[in-house]
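I have placed the structure first, in the form of structure tokens, so that the comments after it can refer back to it.
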Amino acid sequence: WSVVFPFVGKTTDHIQGKIDAVRQSGETKEVWLIDGTTGGYLAIVLGALLVFGLLYEVLPTSRWGRTLGKKLFGLKVLDLEGQDKPGFRAALVRWLVYGVLSLVVVGVVNIMWCLFDRPWRQCWHDKAARTFVSRDSGGVRL
């Protein structure tokens, strides 16, 4: 949210300015929410989220098999076949699928899925990346 916050005021002011200009002209026109200005803001926010996701989720998962949060809770992401940390591609796929499912509002179903999945208790993003989450001590499956 800290990435989005600085652009909220700028975006609403820009759109309101466009609406006010149309009202003052007395004409009936369409006012597009996304134009060169708001599209630029959107690109900056998406770029920042992409960089943050790569630095916080993808790189640590591919290098150590976990993020800081997973380390605090004693969890590790492992490759399904080799049962070692996943490669960069698998970590990227895992993060992207999780993000896309969250955007289309099925993220809760994705997370709940792992409660019933057997034998690895994989969420859909784990299935797509061929990974699973394990306790860090000795590779005991959750």
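Read the figures in this text as sums done on the coordinates, not as results from a lab. Since the structure is predicted, the reported quantities are computational estimates derived from the model, not experimental observations.
Here the average projected area of the convex hull drawn through the C-alpha atoms of the range 59-142 stands at 5.1 nm².
Between the amide H of residue 85 and those of 79, distances stay under 5 Å, these residues lying 5 or more places away or on another chain, with hydrogens modeled in the peptide plane. Mean separation of Cα pairs under 8 Å and 6+ residues apart, divided by the residue count of the chain: what relative contact order is that in percent? Over the chain, the number comes to 19 percent. For residue 75, the residues 5 or more places off, or on other chains, whose built amide H falls under 5 Å of its own are 136. Only helices enter the 222 nm calculation for the chain: every DSSP H run of n ≥ 4 contributes -39,500 (n - 2.57), and dividing by all residues gives -18000 deg cm²/dmol, rounded to 500.
If you count Lys pairs in the range 29-142 whose Cα atoms are under 16 Å apart, skipping same-chain pairs closer than 8 places in sequence, the total is 5.
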